[in-house]
Amino acid sequence: MQRFIGRVIGTATQKTCKVCVARLVMHPKYPKRLRVKRNYLVHDEQERAVVGDIVAIEYFKKMSKTKAFVMTEVLKEARSYLDPRSGKTFTAP
């Protein structure tokens, strides 16, 4: 079963968030590590995730054409700041 850890980069749609998973792989010819990033659409039933959170995702049956992962837990929450002028809350990674 596939299990990844990544950062939430978007929560524009309902019950779905976009997670960026970065991993290091070795170049096949030259001895150098490369950072490979991939974005996954993840099902978030309770809509707990906000942009900047570190989450654990796990493979599940396909729910749509592009969504095949479900968020299992929020490992680290993003810091949130309150703007004193407008009163709005912002999150930062």
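In segment 46-93, the qualifying residues are those that are within 19 Å of Ala22 (Cβ to Cβ) and among the aromatic types (Phe, Trp, Tyr), and the one that is most open to solvent (accessible area, probe 1.4 Å) is Tyr59. Taking the conditions (1) under 24 Å from Tyr81 (Cα atoms); (2) in a strand (DSSP E or B); (3) open to solvent by less than 30 Å² (accessible area, probe 1.4 Å) in turn, Val42 satisfies each one other than (1).
Annotation note: of Lys37, Lys29, Lys61, the sole residue that is at pLDDT 95 or above and not in a strand (DSSP E or B) is Lys29.
Do you know which residues across segment 41-68 are of a type in the set (Val, Ile, Thr) and closer than 27 Å to Phe90 by Cβ? Within segment 41-68, Val42, Val50, Val51, Ile54, Val55, Ile57 qualify. When the residues of segment 25-39 are narrowed to those that are of a type outside the set (S, T, N, Q) and open to solvent by less than 100 Å² (accessible area, probe 1.4 Å), which ends up farthest from Lys65 (Cα to Cα)? Filtering segment 25-39 for residues that are of a type outside the set (S, T, N, Q) and open to solvent by less than 100 Å² (accessible area, probe 1.4 Å), the one farthest from Lys65 (Cα to Cα) comes out as His27.
For beta carbons closer than 8 Å, sequence separation of 6+ or different chains, a first residue in segment 10-38 that is of a type in the set (Gly, Ala, Ser) and a second that is at pLDDT below 95 and outside any strand (DSSP E or B), the qualifying pairs are Gly10/Val51. Selection over segment 1-24 of residues that are of a type in the set (Gly, Ala, Ser) and outside any strand (DSSP E or B) gives a count of 1. Just one of the listed residues (Ala68, Ala78, Ala49) is touching a Cys at 6+ places or on another chain (Cβ under 8 Å) and of a type outside the set (Phe, Trp, Tyr), namely Ala49.
The values are calculated or read from the model by the stated rules, or taken from the named source; none is laboratory data. Just so it is clear, the model here is predicted, and its values are computed rather than measured. Backbone-built Cβ (ideal geometry, glycine too); neighbour counts: all protein chains shown. When the accessible area is computed, the model is the full protein with side chains, heavy atoms only, and any ligands, DNA or RNA have been set aside. Shrake-Rupley method; radii C 1.70, N 1.55, O 1.52, S 1.80 Å.
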